[in-house]
Amino acid sequence: MNICITSYGNNLDSEVDPRFGRCAYFIIADTDSFNFEAVENVYAQSSGGAGIQSGQFMNDKNIKAVLTGNVGPNAHKTLEGSKIDIYTGVSGNVKTAIIKFKNNEYKKTSKPSVESHHGI
């Protein structure tokens, strides 16, 4: 299964970035093989709509779940509309986050965890 973890860096040892739409990198990982792709978040510096654009990018990449610290209302609506599971409150390094996800240690988020424009 392909999931996305927001990250400060471009590898599995990087720390989870608590921002979804304005994170530094998206780590797109296969939970079975641990193969991954690090994608710099080109939407991070957008003047607006970073959460929506990032959510649409997740849909384009066929992501099944997003692991992050927080997600705002616009991003949440976009991800939910694409039937992408959302997990907030994630911290630590990316590899540990993947392992915890595989061990069902996170609960799906049913609503935004922050207000609009929180990550600016």
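Does region 45-61 hold any residues that are surrounded by fewer than 17 Cβ atoms within 10 Å (Cβ to Cβ) and within 13 Å of the chain's Cα centre (by Cα), and which are they?
Going through region 45-61, the residues surrounded by fewer than 17 Cβ atoms within 10 Å (Cβ to Cβ) turn out to be 45-49, 59-61.
Residues satisfying the conditions are Asn59, Lys61.
Could you tell me whether region 48-64 includes any residue that is charged (D, E, K, R) and within 17 Å of Glu15 (Cβ to Cβ)? Let's see the steps before the verdict.
Here is the first cut: in region 48-64, the residues charged (D, E, K, R) are 60-61, 64.
Pick out the ones that are also within 17 Å of Glu15 (Cβ to Cβ) and you get none.
No; the residues of region 48-64 include none that is charged (D, E, K, R) and within 17 Å of Glu15 (Cβ to Cβ).
Regarding region 33-40, can at least one residue be identified that is surrounded by fewer than 19 Cβ atoms within 10 Å (Cβ to Cβ), closer than 18 Å to Thr109 by Cα, small (Gly, Ala, Ser) and at pLDDT 95 or above? So that I can check it myself, show each step before the final result.
Pass one, region 33-40, residues surrounded by fewer than 19 Cβ atoms within 10 Å (Cβ to Cβ): 33-35, 37-40.
Filter once more, so that each one left must be closer than 18 Å to Thr109 by Cα: none.
No, there is no match, as no residue in region 33-40 is surrounded by fewer than 19 Cβ atoms within 10 Å (Cβ to Cβ), closer than 18 Å to Thr109 by Cα, small (Gly, Ala, Ser) and at pLDDT 95 or above.
Collect the residues in region 62-77 that are farther than 17 Å from Pro18 by Cα and more than 12 Å from the chain's Cα centre (by Cα), keeping them in residue-number order. First the steps, then the outcome.
Narrowing region 62-77 to residues farther than 17 Å from Pro18 by Cα: 62-64, 77.
Within region 62-77, Asn62, Lys77 meet the criteria.
Please give the helices (runs of 4 or more DSSP H) falling wholly within region 27-120 in which 2 or more residues are in contact (Cβ under 8 Å) with a residue 12 or more places away in the chain and within 11 Å of Ile5 (Cβ to Cβ).
On the way: elements: 50-60, 73-81, 94-102.
In region 27-120, the matching helices (runs of 4 or more DSSP H) lie at 94-102.
The values are calculated or read from the model by the stated rules, or taken from the named source; none is laboratory data. Keep in mind the model is a prediction, meaning the values are calculated, not measured. Cβ: placed from backbone, ideal geometry, glycine included. Neighbour counts: every protein chain shown.
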